[in-house]
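Following: one structure in structure tokens, then a few remarks.
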Amino acid sequence: MTVIVASLTLPYTIHFDIPVPSRRPSPPRRQNTNLRQDQNNHEPPSLLRNQSSQGPTPPATPGIDGDHQEFFSKPPALPPAIKKELRSGSIATSESHSPRWNVTQFNQPRSRASSPPPASILKHAKIVEKARTDALRRRRSVARASVSSHDQLIQTADWTVVPAEGGNGGLKNAIRAASKAGKLDDKTWVGTLGMPTDALEDSQKTEIEDKLINENDCIPVFVTDSDFDGHYSHYCKTILWPVFHYQIPDNPKSKAYEDHSWVYYVKINQAFADRIVKHYKRGDVIWVHDYHLLLVPAMVRKQLPDAQIGFFLHVAFPSSEVFRCLAVRKELLEGLLGANLIGFQTEEYCYHFLQTCSRLLCVEATSDGVQLEDRFVNIINLPIGIDPVALDERRATTTVAAWLQVIQERYRGKFLIVARDKLDHVRGVRQKLLAYELFLNKYPEYRGKVVLLQVATSTTEQAELDATVSDIITRVNSSFATLAHQPLVFLKQDIGFPQYLALCTVANALMITSLREGMNLTSHEFLCCQDGRYTENKHGSLILSEFTGSANVFGGAELSVNPWDYRKCAEAIKTAIEMSPEEKDERWNALHKIVMHHTAAHWCTSFIEQLSSVWKEQAARETISIPRLSVGALGEKYRKAERRLFILDYEGTLAPYGSPASMVLTSSQRTLDVLNDLLLDDKNIVYVMSGRQPEDLHSMFRRVPDLGLIAERGCFVREFGKEEFHEMGNLKEMSAWKEDVRGILDYYRERTEGSWVEERHCSLTFHYSSADDPQAAARQAGDCVNHINDACESQRVHAIPVDKSVLVEPMDWSKGTAALHVFDLLKQACAADGSKMPDFLMVVGDDREDEPIFRWANRLAQTGIVRDVSTVSVGSRNTEAMSTLTQGVTGVLTVLGKLASFSDVQ
């Protein structure tokens, strides 16, 4: 079995051996005391640098300390062995913004993409684009000439496969850890090279593909530069990423209206799907990752109906209110639902996804997953972790030891708070700096004793955010800095992994104030580095935003903060400083235990194991996997039985569905005759179950004496041989929730022309099959389901979307509970009169509500409580029944009639 791991980029890329053009040395900068002019020159400030005789130089980029910038960007000369170790890429940072190693620089082709893409889908669809300005032609002709010369070097240069620096570091570490532990024997990556490829010749692509497949277990996906740019830079980064992190598209600055980039998103996803299908072998496991490839599961499912397909989302999944703002919301959900198993980082994200599917697709969403028309899709929450073994190996290197010594000496005697974030609107850097400023204002006794070292990486220009952050940094350092102390060190660059590990080891606290995030694995790595193995500092405090997925895993052992509450964040810093060693030890031990349990290898193997389990379970339910009912074999079991129990559904099984609006008070004569024939045999006990009210069933079956009845989906039971119905629930208690729910249903009925509400003793149904606008009615029904399930959960009722209607019924009673009650009554009766329990059980049904009874009956067979059990599903659909009958009502009546005739033969 090969696990095909599909992610946007491969863990490897290509380095072309071409000379890097040398740059002319920059002329020395002229001293200038004008702050605005120096800001434009980007001259870094320094409060600790030795001052020259000419006097201090004012800060160019406010608050960014050049001394610290140089300190981290220019490490001591490294021996060749250490450089080789760094180039090997034995471990990547777990965050998606993996650092560049300072000692490597990849030479790669330049992109030929025209950015941004055309402004409309219509323009994109045209073969030849017109109406371009002369100025634009001139600029592009110059660009093409430049690219062409570079392309010639690329096309003739030697190349080597090297570890990629970007991409999903957490995923790469997890796959590597599982492979190293022997839990993932055979794997193949599918992804792009993470670089432009238009400049490559076909022969180069073929050579690269052969080498990657044969030596690195990687299958490259070659796409055009413009398609990749439209997919990643435009749709993923300007639409999906903001929406998934709760930046509503109705923001005036949002680019969600530029839905033309959706074309590129579809093309890239299709390219991945085609590549996976081409290399797929029966028995392979397909595992798709992250929001870049949401459509791939359904695209692969279309070509490989029986494949094992898993999907894992590494970022947050927003609430339905946010997700519904996407123009292609339905397509994205349906793409995801092509998988057998969908994984999320936290239970909260699972709930959001299920609620969104119920609301937007009008499908039944349970705690285990989503029930589609033809199959079930399982949902799990499984937080990803880090690889502590590989992390410890890197911590033990001489490079990290050298950085440890230098950083310890530099910040000796200070309480060091470290932070490493991407500089965007999601990571909460601005909120963190404001909270730190408030801390210094509110608690002056700690001025001169605390340093916040913020590493901020940035891949896109955020001019407004940069300006705001710079203002805060300038204000903090100008207010609280001295010649011997700088309270805020801000590095607008990433740092090497050895430096990062050294910082995490030396730090007294880590502060994360993300406004919305999946798992923040920096916090996990910090906790591992705080074991005290290499420094006297140990068990530092973790200040963590409650809006990260990690906060859901840590369970309160961290210092949880709301990043919008600056006062509480400032208090958390004070708490971290004043925390007793005993409390630090207790919190760290609890957190470290969680980190060591939720490791990367555990995450990887657990997901694959669960995918295999649910795939087998789902495959067993497929109609093509379930045998047709054998009437001959069933007849043999029937003859041998000493006592028999039948539990038969009514609508769709014993009789066709009637109109809910016009209640049918009589049943077909053939149905009544078959039931009477079965009951002529004293060995037979027959129950008919229905969603209709007790009085209606009594009227329909008044000519079938001794028949047992289950009414309103289990809320009423008439025992076999009795005349009166037994009320399973309390109707007086139901009147309370019915009044509340009726108000909600009336609200949606008034907004849906042609809909109506049906009330029964124990349920309410919102019907919209005759609505004037079916699509609008379906949207209203989805909102109705979520409204009721959110508002009335405490009243033990739930809303279920069924065919063109929404059923609201109690959670505590169902056909399954009624069947269990019937079986218990039989046990009591048999114990009282000394008779035998049934050794033959036949359950026949046609819809989703019959599945709990199928499960119950199958368990009776597995445990040997009943010798011969037959569960039969009518029609062609995904089911847990042991056999199917595709002839509908006619087939059911024919089979029951034959069984009754066997009694006559006996």
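The values are calculated or read from the model by the stated rules, or taken from the named source; none is laboratory data. Just so it is clear, the structure is predicted and the values come from calculations on it, not from any experiment. Please note: Cβ atoms are built from the backbone with ideal geometry, for glycine as well, and neighbour counts cover all protein chains shown.
Could you check GLY343 against (1) surrounded by fewer than 21 Cβ atoms within 10 Å (Cβ to Cβ); (2) under 12 Å from the mean Cα position of the chain (by Cα) and say which number it fails?
Against the list (1) surrounded by fewer than 21 Cβ atoms within 10 Å (Cβ to Cβ); (2) under 12 Å from the mean Cα position of the chain (by Cα), GLY343 comes up short only on (1).
Could you give me the residue pairs with C-beta distances under 9 Å whose first residue belongs to segment 697-711 and is on the phi > 0 side of the Ramachandran plot, whose second residue is in a strand (DSSP E or B) wherever it lies, and which are 6+ apart or on separate chains?
ASP706/ILE685; ASP706/VAL686
Which members of segment 294-347 meet the condition of being part of a loop (DSSP other than H, G, I, E, B), in contact with a strand residue (DSSP E or B) (Cβ under 8 Å, 6 or more places away or on another chain) and among the polar types (S, T, N, Q)?
Scanning segment 294-347 gives ASN340, GLN345, THR346.
For every residue, the table says whether it meets (1) under 17 Å from PRO627 (Cα atoms); (2) under 41 Å from the mean Cα position of the chain (by Cα).
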site: LEU825; (1), (2): no, no
site: SER835; (1), (2): no, no
site: GLU849; (1), (2): no, yes
site: GLY875; (1), (2): yes, yes
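So which of TYR257, TYR246, TYR264 is within 18 Å of LEU193 (Cα to Cα), at pLDDT below 95 and of a type in the set (Ser, Thr, Tyr)? Working first, answer last.
Details: TYR257 fails: within 18 Å of LEU193 (Cα to Cα); TYR246 fails: within 18 Å of LEU193 (Cα to Cα).
One residue alone meets the criteria, TYR264.
Just the residues that are in contact with a Gly (Cβ under 7 Å, 6 or more places away or on another chain), part of a helix (DSSP H, G or I) and surrounded by fewer than 21 Cβ atoms within 10 Å (Cβ to Cβ), please, taken from segment 568-606. Quick ask: steps written out before the conclusion?
Narrowing segment 568-606 to residues in contact with a Gly (Cβ under 7 Å, 6 or more places away or on another chain): 595, 598-600, 602-603.
Filter once more, keeping what is part of a helix (DSSP H, G or I): 595, 600, 602-603.
Passing the criteria: only HIS602.
How many of the residues in segment 321-340 are among the polar types (S, T, N, Q) and under 22 Å from ARG427 (Cα atoms)? Walk me through how you get there before you give the answer.
Going residue by residue through segment 321-340, those that are among the polar types (S, T, N, Q) are 340.
Keeping just the survivors that are under 22 Å from ARG427 (Cα atoms) gives none.
Of the residues in that region, 0 qualify.
Looking at segment 174-215 only, could you name the residues that are surrounded by 13 or more Cβ atoms within 10 Å (Cβ to Cβ), without any contact (Cβ under 8 Å) to a residue 60 or more places away in the chain and of a type in the set (S, T, N, Q)?
Our first condition is that a residue be surrounded by 13 or more Cβ atoms within 10 Å (Cβ to Cβ); within segment 174-215, this holds for 174-181, 183-184, 187-200, 204-205, 207-209, 211-213.
Checking the rest, the ones that are also without any contact (Cβ under 8 Å) to a residue 60 or more places away in the chain come to 179, 204-205, 207, 209, 211, 213.
Passing the criteria: SER179, GLN204.
Got a number for residues in segment 514-558 being of a type in the set (Ser, Thr, Tyr), crowded, with 20+ Cβ neighbours inside 10 Å and either in contact with a Ser or Thr (Cβ under 6 Å, 6 or more places away or on another chain) or within 15 Å of PRO388 (Cα to Cα) (or both)? Walk me through how you get there before you give the answer.
Within segment 514-558, the first condition is being of a type in the set (Ser, Thr, Tyr), and the residues that meet it are 514, 522-523, 534-535, 541, 545, 548, 550.
Next, from what is left, pick out any that are crowded, with 20+ Cβ neighbours inside 10 Å: 514, 522-523, 541, 545, 548, 550.
If we keep only those that are either in contact with a Ser or Thr (Cβ under 6 Å, 6 or more places away or on another chain) or within 15 Å of PRO388 (Cα to Cα) (or both) as well, we get 514, 522-523, 545, 548, 550.
Residues in segment 514-558 being of a type in the set (Ser, Thr, Tyr), crowded, with 20+ Cβ neighbours inside 10 Å and either in contact with a Ser or Thr (Cβ under 6 Å, 6 or more places away or on another chain) or within 15 Å of PRO388 (Cα to Cα) (or both): 6 in total.
Would you mention how many residues in segment 677-691 are assigned to a loop (DSSP other than H, G, I, E, B), modelled with pLDDT of 90 or more and surrounded by 20 or more Cβ atoms within 10 Å (Cβ to Cβ)? Spell out how you get there, then give the answer.
Here is the first cut: in segment 677-691, the ones assigned to a loop (DSSP other than H, G, I, E, B) are 680-683, 690-691.
Now narrow it down to the ones that are modelled with pLDDT of 90 or more: 680-683, 690.
Applying the additional criterion that residues be surrounded by 20 or more Cβ atoms within 10 Å (Cβ to Cβ) yields 690.
Number satisfying all stated conditions: 1.
If a residue has to be surrounded by fewer than 24 Cβ atoms within 10 Å (Cβ to Cβ), of a type outside the set (Ser, Thr, Tyr) and under 20 Å from VAL806 (Cβ atoms) to count, how many in segment 355-368 make the cut?
Taking segment 355-368 as the starting set, the residues that turn out to be surrounded by fewer than 24 Cβ atoms within 10 Å (Cβ to Cβ) are 355, 360-364, 366-368.
Within this subset, residues satisfying the condition of being of a type outside the set (Ser, Thr, Tyr) are 355, 360-364, 368.
With under 20 Å from VAL806 (Cβ atoms) added as a condition, the list becomes 355, 360-364.
Adding up the residues that qualify gives 6.
Checking the condition among the basic types (Lys, Arg), modelled with pLDDT under 90 and at negative phi, which residue from ARG644, ARG621 passes?
Numbers: ARG644 fails: modelled with pLDDT under 90.
Criteria check complete, one pass: ARG621.
Looking only at residues that are polar (S, T, N, Q) and touching a Leu at 6+ places or on another chain (Cβ under 8 Å) in segment 879-906, which one is nearest to MET842 (Cα to Cα)?
First, the residues of segment 879-906 that are polar (S, T, N, Q): 879, 883-884, 886-887, 890, 894, 901, 903, 906.
Now restrict to residues that are touching a Leu at 6+ places or on another chain (Cβ under 8 Å): 883-884, 903.
On the way: SER883: 11, THR884: 13, SER903: 16 Å.
Only one residue fits best here, namely SER883.
Would you mind stating whether GLU719 is among the acidic types (Asp, Glu), modelled with pLDDT of 90 or more and farther than 22 Å from VAL370 by Cβ? Spell out the reasoning first.
Numbers: among the acidic types (Asp, Glu): yes; modelled with pLDDT of 90 or more: yes; farther than 22 Å from VAL370 by Cβ: yes.
Judged against the criteria, GLU719 is a match.
Which residues, counting only those in segment 830-856, are without any contact (Cβ under 8 Å) to a residue 40 or more places away in the chain and assigned to a helix (DSSP H, G or I)? So that I can check it myself, show each step before the final result.
First, the residues of segment 830-856 that are without any contact (Cβ under 8 Å) to a residue 40 or more places away in the chain: 830-834, 851-852, 854-855.
Scanning segment 830-856 gives CYS830, ALA831, ALA832, ASP833, GLU851, PRO852, PHE854, ARG855.
I need the strands (runs of 3 or more DSSP E) fully contained in segment 147-225, keeping only those with at least 3 residues that are in the same structural domain as TYR264 (by TED's automatic domain parsing) and of a type in the set (Val, Ile, Thr). Even if it seems obvious, please write down each step before you answer.
On the way: elements: 159-163, 187-192, 218-220.
Ranges flagged: 159-163, 187-192.
Do we have VAL892 as buried (at least 19 other Cβ atoms within 10 Å of the Cβ) and free of Cβ contacts under 8 Å to residues at least 40 places away in the same chain here?
Values: buried (at least 19 other Cβ atoms within 10 Å of the Cβ): yes; free of Cβ contacts under 8 Å to residues at least 40 places away in the same chain: no.
No.
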